[in-house]
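Participant: My questions all concern the structure below.
The values are calculated or read from the model by the stated rules, or taken from the named source; none is laboratory data. Worth saying up front: this structure is predicted, and the values here are computed from it rather than measured. No Cβ is skipped: glycine too gets one built from the backbone with ideal geometry, and neighbour counts run over all protein chains shown.
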Amino acid sequence: MANSPKFIFITGGVMSGLGKGVVASSIAKLLQLCQLKVSCVKIDPYLNYDAGTMNPLTHGEVFVTDDGGECDMDIGNYERFLNTSLKSTHNLTAGRIFSNVIRLERQGKYLGQCVQIIPHITDEIKQELRKISREEDLDVLVVECGGTVGDIESLPFLEALRQMELEDGHTNTFFVHVTLAPVLDAVGEQKTKPTQHSVQELRRIGIQPDLLAVRCKTPLTRETIRKISLFASIPTDCVMSSHDVPSIYSVPDILYRQGIIEVILKNLNLKVNPNISKWNRIAKTYLETNGILKIAIVGKYVDLKDSYVSVSQALLHAGAKHGKEIIIDWIDSEKLEKNSKYNTDESEFSNLTKKLEQFAGILVPGGFGSRGSQGIINACNYARVNNIPFLGICFGFQLAIVEFARNVCGLTSANSTEIAPDTDHPVVYYMPEQKHVKTMGGTMRLGLHDINIKNDSGAMAIYKKKIIQKRHRHRYEFNQDYMKLIEENGMKFTGSSDSGKRIEILELPDHPFYFGIQYHGEFHSRPGLPEPAFEGFVEASIKNM
Ligand code: GLN
């Protein structure tokens, strides 16, 4: 396009959880469907350098990029919608901005000056955004600002975005504000006051939104649109309904039908046409399923569904491709432990475990630490013994090995040293390379690594390739001193990396589908293009229905 780079800024009002990430991804998708070169950035105003040290139960999944970044889960939404791999620089945190500025101050870059939020922090933010746009030669960069307008910590970021509009001009910047129109009474009247207040808050800091995407249960009524338009001083055709839909992949179409692309292209002075039929064909597969598939996810962070958002999306991708709606039952692994807080006697415990019977497949995702690990081991055992299709990811891969070593190979005290540092049989242990690591952020084995697949294996049947590349995030691994014993007992290791130093895949040839992966296949799964291990698992689960 070779025009000046364009920026679309997405801000949020009223409260969190309104689907700002999905609106940002949908807008980016529609622009990509106009043949524009588009990408997304997520701003996170917290002081953590990245999302790696945050608890998934409070902040959602840590999404890992190809280059090993530990990012906010919205980066996953962008990748899934745009079918692309983003660099970790696309997650801009206050921690990173502040530490850059402080490092430069120590290097003497600002000699003689008093270093301040404005202009030094704001300049650094603008520079980072422009650098991404320039280096990736983008036509449009969609920038989502985390948090809610009015938060103290997001102020420097909003100020930087305001300055960008001033410096780059109105035809190069476009502000979308995502708010809420709640319904409180039985009459079903959509309330506009929270939106009015939030637009006022945004205006107070100098930003007049160009478009509102209003989250609501049912489509905005004409009256609601008229009212919001009047009070927010935004034309009615720029007040859009972002109502509840059964699948997030329908949101681009919902916005498209309301004319969002015309409005944005006109404001940004771009002349291109979208062709959204191919995307809609994929999006439709999520709505037109012919039956359900019940899958149990047994994990540690199940109280917040966002903790495993890429895993559940990968299941949905595989389900939709095979015409099935995936119903996930989230099971706290502690429920599957004897004498945990959930069950006090043997019969209560076996009832809870028996519940696993009703699922077509059992998936164990990643996790850390000993809490709930015995319950995961019990779930691995249940799937193995009862021939239920099983997919174990990272921690799930490691604990499937522990289960097999204990119950098939007779090593009753086998464990991972993450759970029992002094175990007699450390079948999973701390990676030797990690021994020198003393700090926590960004120090695991992260990002993309090549994996060699063995011929004549289940893994080869799934991937149909000798070498695959997958993302990682772990400190522990299978201890190959136990390889011979375990393989003699029937578990096969069919994928390896780092010239055979790391084991990446396990399988049980005598089981309908028992597959464990040290890597995180979920991060590469896309709508219409499910990750093969997930697809294999879903296919096997369909057969088990
Ligand atoms: N806790 C395990 C490790 O560090 C597994 C990590 C994970 O599941 N992401 O190796």
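Participant: Quick one: count up the residues across the stretch 407-441 that are within 17 Å of ARG384 (Cβ to Cβ) and out of contact with any Phe, Trp or Tyr (no Cβ under 7 Å at 6 or more places or on another chain).
Facilitator: Total meeting the criteria: 7.
Participant: Looking at (1) more than 24 Å from THR417 (Cβ to Cβ); (2) touching a strand residue (DSSP E or B) at 6+ places or on another chain (Cβ under 6 Å); (3) surrounded by fewer than 21 Cβ atoms within 10 Å (Cβ to Cβ), can you tell me which one PHE523 breaks?
Facilitator: Single failed check for PHE523: (3).
Participant: Considering only residues that are of a type outside the set (A, V, I, L, M, F, W, C), surrounded by 14 or more Cβ atoms within 10 Å (Cβ to Cβ) and within 25 Å of PRO527 (Cβ to Cβ), which ones fall in the stretch 209-248?
Facilitator: If the condition is that a residue be of a type outside the set (A, V, I, L, M, F, W, C), surrounded by 14 or more Cβ atoms within 10 Å (Cβ to Cβ) and within 25 Å of PRO527 (Cβ to Cβ), then ARG215, PRO219, SER241, SER242, HIS243, SER247 are the ones that fit.
Participant: While we're here: Yes or no: the stretch 361-370 includes at least one residue that is in a loop (DSSP other than H, G, I, E, B), closer than 23 Å to ASN339 by Cα and more than 14 Å from the ligand (Cβ to nearest atom).
Facilitator: No, the conditions are met nowhere in the stretch 361-370.
Participant: Residues that are of a type in the set (Asp, Glu): which helices (runs of 4 or more DSSP H) entirely in the stretch 233-347 hold 2 or more of them? Spell out the reasoning first.
Facilitator: Details: elements: 251-257, 260-267, 277-285, 309-321.
It comes to none.
Participant: Select, from GLU128, GLU153, the only residue that is closer than 23 Å to GLY19 by Cβ and either in contact with a Phe, Trp or Tyr (Cβ under 8 Å, 6 or more places away or on another chain) or surrounded by 13 or more Cβ atoms within 10 Å (Cβ to Cβ) (or both).
Facilitator: On the way: GLU128 fails: closer than 23 Å to GLY19 by Cβ.
None of the other options fit; the residue is GLU153.
Participant: A further question on this structure: Cβ-Cβ below 8 Å, separation at least six or inter-chain, first residue in the stretch 120-133 and touching a residue at least 60 places away in the same chain (Cβ under 8 Å), second of a type in the set (Ser, Thr, Tyr) and surrounded by fewer than 21 Cβ atoms within 10 Å (Cβ to Cβ): which pairs?
Facilitator: Cβ pairs passing all conditions: ILE132/THR89.
Participant: Another question, then. For the stretch 426-444, does any single residue satisfy the condition of being buried (at least 19 other Cβ atoms within 10 Å of the Cβ) and more than 12 Å from the ligand (Cβ to nearest atom)?
Facilitator: There is at least one residue in the stretch 426-444 that is buried (at least 19 other Cβ atoms within 10 Å of the Cβ) and more than 12 Å from the ligand (Cβ to nearest atom).
Participant: Filter the stretch 465-506 down to the residues that are farther than 14 Å from ILE451 by Cα, away from the ligand (no atom under 16 Å from the Cβ) and crowded, with 22+ Cβ neighbours inside 10 Å and list them by number.
Facilitator: Scanning the stretch 465-506 gives ILE486, MET491.
Participant: Against the definition (aromatic (Phe, Trp, Tyr), modelled with pLDDT of 95 or more and away from the ligand (no atom under 14 Å from the Cβ)), how does PHE395 come out, yes or no? So that I can check it myself, show each step before the final result.
Facilitator: Working: aromatic (Phe, Trp, Tyr): yes; modelled with pLDDT of 95 or more: yes; away from the ligand (no atom under 14 Å from the Cβ): no.
Taking the combined requirement at face value, the residue does not satisfy it.
Participant: OK, next. Just one of the numbered conditions (1) surrounded by 19 or more Cβ atoms within 10 Å (Cβ to Cβ); (2) touching a helix residue (DSSP H, G or I) at 6+ places or on another chain (Cβ under 9 Å) is not true of ALA540; which one?
Facilitator: In the conditions (1) surrounded by 19 or more Cβ atoms within 10 Å (Cβ to Cβ); (2) touching a helix residue (DSSP H, G or I) at 6+ places or on another chain (Cβ under 9 Å), ALA540 misses (2) alone.
Participant: Which residue pairs have Cβ atoms under 6 Å apart, sit 6 or more places apart or on different chains, and have a first residue in the stretch 39-56 that is surrounded by 20 or more Cβ atoms within 10 Å (Cβ to Cβ) and a second that is assigned to a strand (DSSP E or B) and hydroxyl-bearing (Ser, Thr, Tyr)?
Facilitator: ASP44/THR93
Participant: What's the number of the only condition in (1) over 17 Å from ALA28 (Cβ atoms); (2) assigned to a helix (DSSP H, G or I) that LEU161 fails to meet?
Facilitator: (1)
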